[in-house]
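Heads up, the thing below is written out as structure tokens.
The values are calculated or read from the model by the stated rules, or taken from the named source; none is laboratory data. Please read all numbers here as calculations on a predicted model, not as lab measurements. A quick note on method: Cβ atoms are made from the backbone with ideal geometry, for glycine too, and the neighbour counts reach across all protein chains shown. Please note that ligands, DNA and RNA were not included when accessible areas were found on the heavy atoms of the full protein model with its side chains. Shrake-Rupley method; radii C 1.70, N 1.55, O 1.52, S 1.80 Å.
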Amino acid sequence: MRLVLLGPPGAGKGTHAKILSEKFKADHLATGDILRQHIREKTTLGAKAKDIIETGNLVPDALVNEMMFEEISRVGKKAFILDGYPRTIGQAESLDVFLKKQTMKLDAVLDFETSEQVIIDRLSGRRVCTKCGGNYHTRNIPPKKEGVCDKCGEMLVQRKDDTPVTIQHRLEMYLKETSPLIQYYKRQNILVSVPGDYDVPELQTVLKTLFDEMKLAV
Ligand code: ADP
């Protein structure tokens, strides 16, 4: 099974990718998480990406493509879920060429259709663990103890790119650069729209029915 999760920031791609990857024993390749890991480890790529990410801009295609091709090659022929990649038409075209060379293809692209109000609410309330990357929301998914990660006890923080001005900019970048991918994958007949506004359990139910219908195998 090879999936792409498409949708604006805050649509729930990461949350659902995590659940689906455990269920289907697929590798969850989250571009944002991999980039943030590069920043923490102070790699050359991390140094190039840091300011770009913090201001809500997109990391250049060439850098992201190279990084993701390496990740996909590492996964080999196993199942994978791409979360946050591709995000531009250029990335989508390069990914198609790359997969074709490896005689692989995408099974489906799930488009998380999400309203602006829900996006802003989710992102502004999001808190993340500085150590294990655990994801919380001040109201929807509160930790047991305020400001502390349930899983590892580390401190929870707001991501630098989850502030109102940067959220707005990321939404603009999504509309300009990423939303054209909806048509791109529609033309390939692999686009499936899902309701990103739904709460997590409700959307998981929708996805289960969808996967049964599509007979998606690992
Ligand atoms: P979100 O989906 O909530 O925006 P991510 O963690 O997926 O959060 O991405 C955070 C940031 O990482 C993006 O705003 C962008 O700067 C960078 N990034 C992630 N994926 C890509 C990509 N495919 N191309 C370019 N930049 C990316």
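One residue stands out among those in segment 28-43 that are away from the ligand (no atom under 12 Å from the Cβ) and of a type in the set (K, R): the one that is most open to solvent (accessible area, probe 1.4 Å), which is K42.
Among the residues of segment 118-173, not one is touching a Ser or Thr at 6+ places or on another chain (Cβ under 8 Å), of a type in the set (V, I, T) and away from the ligand (no atom under 16 Å from the Cβ).
Considered as a group, the residues in segment 46-87 that are under 21 Å from D162 (Cα atoms) and polar (S, T, N, Q) include one that is farthest from the ligand (Cβ to nearest atom), and that residue is T55.
Of the helices (runs of 4 or more DSSP H) contained entirely in segment 7-59, those carrying at least 2 residues that are among the hydroxyl-bearing types (S, T, Y) fall at 13-24. Restricting attention to segment 141-178, report how many residues are of a type outside the set (D, E), farther than 27 Å from R87 by Cα and touching a residue at least 12 places away in the same chain (Cβ under 8 Å). Adding up the residues that qualify gives 7.
If the condition is being within 15 Å of the ligand (Cβ to nearest atom) and either surrounded by 17 or more Cβ atoms within 10 Å (Cβ to Cβ) or more than 19 Å from the chain's Cα centre (by Cα) (or both), then segment 88-99 contributes T88, Q91, A92, S94, L95, F98.
Looking at (1) surrounded by fewer than 16 Cβ atoms within 10 Å (Cβ to Cβ); (2) assigned to a helix (DSSP H, G or I), which one does N65 not meet, given that it meets all the others? All conditions are met except number (1).
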